[in-house]
Amino acid sequence: MTLKKALSHARGILAEHDIEDAPLEAELLLRHALKIDRTQLYLDLDRELSPQPEEIFWQLVERRLGGEPTAYITGRREFYGLDFYVDPHTLIPRPESELLMETALKLDKDHPLSTIADIGTGCGAIAISLALELPGVKIYATDISAAALEVASINCQKHGVADRVHLLQGDMLEPLPELVDLIIANLPYVRQAELAPTSFEPLIALDGGADGTESIAKLCRQAQSKLSARGNLLLEIGQGQGVVVTTLLHGLFPNGEIEVVPDLGSIERMVSLNLSKDKVAG
Ligand code: GLN
């Protein structure tokens, strides 16, 4: 069987099993079995797939059909155009979270930031992407999970930012040694009742408590004592959580400017708090 045949066969099987992005995932699995990059795969499409890699490939497809995410099978996931190592100790970065990145970069353009904290950093995708985009900014990345921080550390080395991204273990903002200009966080926000029983991802990264906003609420309260005077907070949220989170923030930061921002699919995806736009009294 040629690589091209194997690829189209796998695509068909994955699609039949309702795997979301069957063409991409088939390609990633084949590349992983053959240990080749995208260019090499496309150059070799008419070559015969030899028996050993073929056996490995179909085993990978089997694992995918068993529900295991491709990112855990291959140990990698792309975020903001960068390749990250991931394992089951960390959430798999989602494209929706690029909205947090883009907003942070816009904020820096308007008012240059000196310090940023990425809370619940997981594999470090947001902190590291920011470190590469904003070389002058000091970045803290915290996580309560030591295992997640080990993954983040591998990614910091991989992307050459280990000296600029300060990894701290602890409960959200507690380990921060100074006030920061921007707090950015993709915390767990799935409602407990909606957690998939067979999720391969760590529960600690998904479980947002009864209404999904427990961790977010805790972070908002902690932010009162950790944001600089003109600071910003960017929070990824789940569908339908905009009102709860903005109401809470209005109570905690009565003078801050608060906004709910939808993602490309028009789903409420982020809440931003901006203290630099303090409403002037009177
Ligand atoms: N976006 C993820 C999901 O819907 C949830 C991520 C999170 O809780 N931060 O599964």
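A few points about this structure:
- Set side by side, the residues Ile237, Ile258, Ile267, Ile204 differ, and just one is under 19 Å from the mean Cα position of the chain (by Cα) and modelled with pLDDT of 95 or more, which is Ile237.
- Within region 188-218, tally of residues that are under 20 Å from Tyr72 (Cα atoms) and of a type in the set (Phe, Trp, Tyr): 1
Every residue, every condition in (1) acidic (Asp, Glu); (2) within 16 Å of the ligand (Cβ to nearest atom); (3) touching a strand residue (DSSP E or B) at 6+ places or on another chain (Cβ under 7 Å), yes or no:
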residue: Arg63; (1), (2), (3): no, no, no
residue: Pro69; (1), (2), (3): no, yes, no
residue: Ile73; (1), (2), (3): no, no, no
residue: Asp83; (1), (2), (3): yes, no, yes
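- Residues being surrounded by 24 or more Cβ atoms within 10 Å (Cβ to Cβ) and either acidic (Asp, Glu) or over 14 Å from the mean Cα position of the chain (by Cα) (or both) - total across region 114-135: 4
- Verdict on Ile56 being more than 16 Å from the ligand (Cβ to nearest atom), outside any helix (DSSP H, G or I) and among the β-branched types (Val, Ile, Thr): no
The values are calculated or read from the model by the stated rules, or taken from the named source; none is laboratory data. Owing to the predicted nature of the structure, the values given are computational and were not obtained by experimental measurement. Using ideal geometry, Cβ is built from the backbone for each residue, glycine included, and neighbour counts are taken over all protein chains shown.
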